[in-house]
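Visitor: What follows is a single structure, and I will ask about it in a moment.
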């Protein structure tokens, strides 16, 4: 069972996510269900995408992946055969 401090931290984290969403979408209005299903999921997706991009860039820097720029601005990542990473 969670203690009050853990619950307060969880609530604070959710509040922070809502604030982050509203900074990007200041005109948003929704119900509690809508906030859960749209705002928080979208905010978590955007945060996850940022983290994944950083991880991919790290793997490119380490020599495990190669970044391939495509027409239309899309970037693909592919495994580098025998890519052992940088020492």
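Visitor: Does residue 59 meet the test of being part of a helix (DSSP H, G or I) and touching a strand residue (DSSP E or B) at 6+ places or on another chain (Cβ under 7 Å)?
Guide: Yes, satisfied.
Rundown of residues vs (1) within 30 Å of residue 78 (Cα to Cα); (2) under 12 Å from the mean Cα position of the chain (by Cα); (3) at pLDDT 95 or above, yes/no style:
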position	(1), (2), (3)
1	no, no, no
10	no, no, no
25	no, no, no
28	no, no, yes
35	no, no, yes
54	yes, yes, yes
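Visitor: When both residues are 6+ apart or on different chains and their Cβ atoms are under 8 Å apart, which pairs have a first residue that lies in segment 45-57 and is in contact (Cβ under 8 Å) with a residue 24 or more places away in the chain and at negative phi, and a second that is assigned to a helix (DSSP H, G or I) and exposed (fewer than 11 other Cβ atoms within 10 Å of the Cβ)?
Guide: The qualifying pairs do not exist here.
Visitor: With the checklist (1) part of a helix (DSSP H, G or I); (2) out of contact with any helix residue (DSSP H, G or I) (no Cβ under 7 Å at 6 or more places or on another chain) in hand, flag the one item residue 26 doesn't pass.
Guide: Going through the list (1) part of a helix (DSSP H, G or I); (2) out of contact with any helix residue (DSSP H, G or I) (no Cβ under 7 Å at 6 or more places or on another chain), residue 26 breaks only (1).
Visitor: With respect to residue 35, is the statement that it is without any contact (Cβ under 8 Å) to a residue 12 or more places away in the chain and either in contact with a strand residue (DSSP E or B) (Cβ under 6 Å, 6 or more places away or on another chain) or in a helix (DSSP H, G or I) (or both) true?
Guide: no
Visitor: Return the only residue of 17, 10 being in contact with a helix residue (DSSP H, G or I) (Cβ under 9 Å, 6 or more places away or on another chain) and assigned to a helix (DSSP H, G or I).
Guide: The match here is 17.
Visitor: Would you call residue 47 over 30 Å from residue 81 (Cβ atoms), loosely packed, with under 14 Cβ neighbours inside 10 Å and under 14 Å from the mean Cα position of the chain (by Cα)?
Guide: yes
Visitor: Would you please list the contacts, defined by Cβ atoms under 7 Å and residues six or more apart or on different chains, that run from a residue in segment 61-74 that is without any contact (Cβ under 8 Å) to a residue 24 or more places away in the chain and at positive phi to a residue that is in a loop (DSSP other than H, G, I, E, B) and surrounded by 10 or more Cβ atoms within 10 Å (Cβ to Cβ)?
Guide: Short answer, once both residue conditions are applied: 63/80; 63/83; 63/85.
The values are calculated or read from the model by the stated rules, or taken from the named source; none is laboratory data. All figures in this text were calculated on a predicted structure; none of them were measured in a lab. For neighbour counting, all protein chains shown are included, and Cβ atoms are generated from backbone atoms with ideal geometry for every residue, glycine included.
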